[in-house]
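What follows is a single structure, written as structure tokens, with notes after it.
The values are calculated or read from the model by the stated rules, or taken from the named source; none is laboratory data. Values in this document were obtained by computation on a predicted structure and should not be read as measured data. Counting neighbours? That spans all protein chains shown, and the Cβs are built from the backbone with ideal geometry, glycine included.
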Amino acid sequence: MRTQILPYILLLSCIFAHAAWSQPQVTLEHAFTNLDFRRPVDLQHAGEDLFVVEQPGIIWTFKNRQDVTDRHQFLNIQNRVRSVGNEEGLLGLAFHPDFDTNGQFFVYYSASNPRRTVVSRFNTIANNPGQADADSEIIILEVNQPASNHNGGQILFGPEGYLYIALGDGGGAGDRYGHGQNTESLLGTISRIDVSTIPYSIPSDNPFAGSTTNRPEIFAWGLRNPWRFSFDPINTGVIYAADVGQNAMEEVNIIEKGGNYGWPIMEGTQCYRPRTNCNQNGLILPIFEYDHSNGPASVTGGYVYQGPGVPDLTGWYVLGDYVDGRFWGLLYDGEKLVESTLLLDTFLSPFSFGIDHQGEVYMLASNGHIYRFAATGGSLGFESYIDPLQFTRNSSIPATPLPAARGGSGVFSYSLSPDLPAGLVFDSSTRTLNGTATEILDTTTYTFHAEDTNGLRGSMEFELSVHAPSDQAAPDEILPSFFLHGHYPNPSSGDVSVVFDLPEQAAVTVELHDLIGRKVMAVPSQTMPVATRHSILIPVSTLPVGSYVYRLIVEGNNELITASGILLLQ
């Protein structure tokens, strides 16, 4: 454990005195122009779908598209949630690592009689991962709360599969209830439990595992109100936590197992009560802090950025301040803070941050909008990554659009290098691959280039290959595995194509069901050869608007495979 670490502390004055040469040039753009939310306090993803938590007790889900217009209630527990205090409510959501197969997710909310924190497990409705079963609640943990503020509320699964829970010190001011340094209480901690069984168990390497005098759930303590923590996907094992200060300092900590972060002995790197005992021995001090010289402040922790949209922001931990609207970036290498910079100074108030399956970071604002970061200089980014493209020789490929550029201004121009294999064509005006490949191509790395009217450029690499048809495959050729790429367009007002890879010749059928399981349509079975990016058209233009579940049924010589997805008609 580190003790009294001071060299890496960068005060706000240092930020203005030193502008890093590598500083990302960014802005915030409205991520979903047709959607607004009531006090959005958390955003999580399950696969490509996004879920937004509203503090009064509702979770909404929708497709991750800037022009999305439809959302639906995933869970409504307003009748169980206490949201009387400004900091009370439904505050956290975490999907089980095996959510795709077990349908389990966890929430953190405030409850009444007595006032307490509740961490519960819910399940989705069978065969409908887009809808929670509100009657499936199993309470995992309850912690009494003496006041309405300092609730923490973030819950996340760590890389080892344990559930981490952030709790504030119980509220009031100045650690009124004495929880900050009290390891007999879960208040003022980040705790860690194993929820693979009910009741939960204690991970064997927790700092107080097996203790009868300290709470064995505790992972780290000495926190005032950790308002959002997250795991670094680049530097494995690094946990960032933003801890809201009393009236002098806001701080960001790197959370270590068994770490004591000093509250109320310390507020940031400053002694909170300088006239009393300020023994810093064994305390871990923040890697970053800023003071209240600009007025009241309240830090909101975020995530490490690794999305395709802003290449210059990759690897930076982004955070903001709820009161004064500033946003910072921290570059931490796993051992020390390398850079810190003020990214933006805005009028926005960040309730929270979220992240999607690609690593794009979103900011949830008090005005009900959700924003995402966009590049204004440096390198252009892209709307999404490009999966490896695998085509079959002498088979017409489905029109394959490459992602649009993000950032910059004006009109974008696109190009590909090196040259495509014979028969394939890239239409730069639509960013689309078309044609029929007429020659075999081993896996080759291509670069997709974009440039705006002001000369700002960006590029993205991806892999492309062309295989022989199954009856011409070389004995040692690696054939594709079954994979459902998804469906497009989505949402749709017309016919929809389901795109998938086949590892062997098979009979393929598509069924369409409504959300209560009734079959409304079936595409007749057809025998299809081994290939990548097969597509089947579902004629849905005559169906009523709404949500449907399509089921792809693949019957080959060796096995029966099924896969499904949610289709939105508008």
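Please verify whether the range 414-426 includes one or more residues that are in a loop (DSSP other than H, G, I, E, B) and under 30 Å from the mean Cα position of the chain (by Cα). Let's see the steps before the verdict.
Taking the range 414-426 and keeping what is in a loop (DSSP other than H, G, I, E, B), we get 418-423.
Pick out the ones that are also under 30 Å from the mean Cα position of the chain (by Cα) and you get none.
Within the range 414-426 (the criterion being in a loop (DSSP other than H, G, I, E, B) and under 30 Å from the mean Cα position of the chain (by Cα)), the answer is no, since none of the residues qualifies.
Of the residues that make up the range 351-359, is at least one more than 20 Å from S230 (Cβ to Cβ) and either within 14 Å of the chain's Cα centre (by Cα) or not hydrophobic (A, V, I, L, M, F, W, C) (or both)? Talk me through it step by step, then tell me what you get.
So the first thing to find is which residues in the range 351-359 are more than 20 Å from S230 (Cβ to Cβ), and the list is none.
No, the range 351-359 has no match at all.
If the requirement is being in the same structural domain as S298 (by TED's automatic domain parsing), under 22 Å from the mean Cα position of the chain (by Cα), under 20 Å from V244 (Cα atoms) and modelled with pLDDT of 95 or more, which of these qualifies: L342, L348?
L348
What are the pairs, 6+ residues apart or on separate chains, where a residue within the range 91-105 that is not assigned by TED's automatic domain parsing to the domain that holds G565 has its Cβ under 8 Å from a residue that is of a type in the set (S, T, Y) and modelled with pLDDT under 95?
none
Going by what's in this entry, would N235 be described as under 26 Å from E267 (Cα atoms), out of contact with any Pro (no Cβ under 7 Å at 6 or more places or on another chain) and assigned to a loop (DSSP other than H, G, I, E, B)? Full working, then the answer.
Details: under 26 Å from E267 (Cα atoms): no; out of contact with any Pro (no Cβ under 7 Å at 6 or more places or on another chain): yes; assigned to a loop (DSSP other than H, G, I, E, B): yes.
For N235, the condition - under 26 Å from E267 (Cα atoms), out of contact with any Pro (no Cβ under 7 Å at 6 or more places or on another chain) and assigned to a loop (DSSP other than H, G, I, E, B) - is not met.
What's the number of the only condition in (1) more than 30 Å from A374 (Cα to Cα); (2) modelled with pLDDT under 85 that A468 fails to meet?
(2)
If a residue must be loosely packed, with under 13 Cβ neighbours inside 10 Å, modelled with pLDDT of 95 or more and within 10 Å of I386 (Cα to Cα), how many such residues does the range 446-464 contain?
0
What is the residue count in the range 360-385 for residues that are surrounded by fewer than 18 Cβ atoms within 10 Å (Cβ to Cβ) and under 17 Å from R228 (Cβ atoms)?
Qualifying residue count for the region: 1.
Could you list, in sequence order, all residues of the range 63-97 that are under 16 Å from T124 (Cβ atoms) and either in contact with a helix residue (DSSP H, G or I) (Cβ under 9 Å, 6 or more places away or on another chain) or not in a loop (DSSP other than H, G, I, E, B) (or both)? Don't jump to the end; show me each part of the working.
Of all residues in the range 63-97, those under 16 Å from T124 (Cβ atoms) come to 72-77, 93-97.
If the condition is that a residue be under 16 Å from T124 (Cβ atoms) and either in contact with a helix residue (DSSP H, G or I) (Cβ under 9 Å, 6 or more places away or on another chain) or not in a loop (DSSP other than H, G, I, E, B) (or both), then H72, Q73, F74, L75, N76, L93, A94, F95, H96 are the ones that fit.
Go through the range 403-413 and give me each residue that's in a loop (DSSP other than H, G, I, E, B) and among the aliphatic types (A, V, I, L, M). Walk me through it before giving the result.
At the first step, the residues of the range 403-413 found to be in a loop (DSSP other than H, G, I, E, B) are 403-404, 407-412.
The answer is A404, V411.
I'd like to check something: does the range 193-209 contain any residue that is of a type outside the set (F, W, Y), buried (at least 22 other Cβ atoms within 10 Å of the Cβ), under 16 Å from F229 (Cβ atoms) and touching an Asp or Glu at 6+ places or on another chain (Cβ under 7 Å)?
no
Tell me, yes or no, whether the range 109-122 has at least one residue that is under 19 Å from P40 (Cβ atoms) and part of a strand (DSSP E or B). Before the answer, list the steps.
Within the range 109-122, the subset under 19 Å from P40 (Cβ atoms) is 109-110.
Next cut, part of a strand (DSSP E or B) only: 109-110.
Yes - at least one qualifying residue is present in the range 109-122.
Using beta carbons and a limit of 9 Å, which pairs, at least six apart or on different chains, have the first residue in the range 332-344 and part of a loop (DSSP other than H, G, I, E, B) and the second one of a type in the set (F, W, Y)?
Once the first residue is part of a loop (DSSP other than H, G, I, E, B) and sits in the range 332-344, its partners that are of a type in the set (F, W, Y) give K336/Y8.
Filter the range 267-299 for residues that are β-branched (V, I, T), surrounded by fewer than 23 Cβ atoms within 10 Å (Cβ to Cβ) and touching a residue at least 12 places away in the same chain (Cβ under 8 Å) and give the result. Lay out the reasoning, then the answer.
Quick first cut of the range 267-299, residues β-branched (V, I, T) only: 269, 276, 284, 287, 299.
From what is left, the residues that are surrounded by fewer than 23 Cβ atoms within 10 Å (Cβ to Cβ) are 269, 276, 287.
Matches in the range 267-299: T269, I287.
Can you pull out the residues in the range 377-397 that are out of contact with any Leu (no Cβ under 9 Å at 6 or more places or on another chain) and part of a loop (DSSP other than H, G, I, E, B)?
E383, S384, Y385, D387, N394, S395 - these are the residues of the range 377-397 that are out of contact with any Leu (no Cβ under 9 Å at 6 or more places or on another chain) and part of a loop (DSSP other than H, G, I, E, B).
Go through (1) crowded, with 19+ Cβ neighbours inside 10 Å; (2) out of contact with any Lys or Arg (no Cβ under 7 Å at 6 or more places or on another chain) and name the single condition N34 misses.
(1)
Would you mention how many residues in the range 489-543 are surrounded by 14 or more Cβ atoms within 10 Å (Cβ to Cβ), among the β-branched types (V, I, T) and either in the same structural domain as N127 (by TED's automatic domain parsing) or without any contact (Cβ under 8 Å) to a residue 40 or more places away in the chain (or both)?
Here the count works out to 2.
Would it be correct to say that E29 is buried (at least 19 other Cβ atoms within 10 Å of the Cβ), closer than 25 Å to Y305 by Cα, touching a residue at least 24 places away in the same chain (Cβ under 8 Å) and of a type in the set (D, E, K, R)?
Values: buried (at least 19 other Cβ atoms within 10 Å of the Cβ): no; closer than 25 Å to Y305 by Cα: yes; touching a residue at least 24 places away in the same chain (Cβ under 8 Å): yes; of a type in the set (D, E, K, R): yes.
Taking the combined requirement at face value, the residue does not satisfy it.
Restricting the range 305-331 to residues that are hydrophobic (A, V, I, L, M, F, W, C) and assigned to a strand (DSSP E or B), which is nearest to I234 (Cα to Cα)? Lay out the reasoning, then the answer.
Taking the range 305-331 as the starting set, the residues that turn out to be hydrophobic (A, V, I, L, M, F, W, C) are 310, 313, 316, 318-319, 323, 327-328, 330-331.
Next, only the ones that are assigned to a strand (DSSP E or B) stay: 318-319, 327-328, 330-331.
Working: V318: 14, L319: 17, F327: 21, W328: 19, L330: 13, L331: 11 Å.
Top of the filtered list is L331.
Specify which of the listed residues (Y317, Y240, Y305) is touching a helix residue (DSSP H, G or I) at 6+ places or on another chain (Cβ under 6 Å), surrounded by 23 or more Cβ atoms within 10 Å (Cβ to Cβ), of a type in the set (S, T, Y) and at pLDDT 95 or above. Walk me through how you get there before you give the answer.
Values: Y317 fails: touching a helix residue (DSSP H, G or I) at 6+ places or on another chain (Cβ under 6 Å); Y240 fails: touching a helix residue (DSSP H, G or I) at 6+ places or on another chain (Cβ under 6 Å).
Only one candidate passes the filter, namely Y305.
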